[in-house]
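Beneath this line is the structure, given in structure tokens, with notes to follow.
Computed from the coordinates by the stated procedures, all read-outs in this text should not be read as laboratory data. From a predicted model like this one, the values you see are computed outputs, not experimental measurements. Every residue, glycine as well, gets a Cβ built from its backbone with ideal geometry; the counts of neighbours run over all protein chains shown.
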Amino acid sequence: MDNENNSQFPILNSPFSTLHSPLVPPGYKQTEVGVIPEEWEVSTVGPEFEIKLGKMLDAEKNVGVPKPYLGNKAVQWDRIDISDLPTVPMSRPDIERFRLRKGDLLVCEGGEVGRAAIWDAPIEECYYQRGVLLPKGTSPATSITRLRFTAYGCNAATVV
């Protein structure tokens, strides 16, 4: 492809579009996702997060104390709507397994797939339903900044 045909693809005309470009600024490096700071690493979701599915809603099997939960409807683009939360009976093991903690990243697996938000604990106790994924950081390096960046990436990728 010659440069004249690349005008509709500005990234292909970028001085940073070729691997090991001499035009990559000091302190940065060229990667498969573009130019990034040298101290950053390129990774995928698998090594960074353990994906957990939420509580299965099954009226015949769900027993215990009614607890509020988040489903796809509550997880919005970078925010969580807690104005009308349903409840589901939860057993003691369910309460331990599906309880949300401040800083948890929630990602929808249905509806608008990838819609994501971070749980900031606006209410003391809440749980999550099966249609919502809970990526849990697999290392101490999974900071709130990394979670927010991941949420932003999920939201940006699904809007395009």
Query raised in the report: So which aspartates and glutamates can K102 reach, going by Cα to Cα under 13 Å and dropping same-chain residues fewer than 8 places off?
Result: D120, E124, E125
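How much net charge surrounds G27 when only the other residues with a Cβ under 10 Å from the Cβ of G27 are counted, with Lys and Arg +1 and Asp and Glu -1? Let's see the in-between values first.
Details: positive: K29; negative: E38, E39.
With Lys, Arg at +1 and Asp, Glu at -1, the neighbours total -1.
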Query raised in the report: Taking amide hydrogens as modeled 1.01 Å from N in the peptide plane, which residues meet the under 5 Å criterion relative to Y28, leaving out close sequence neighbours?
Result: E38
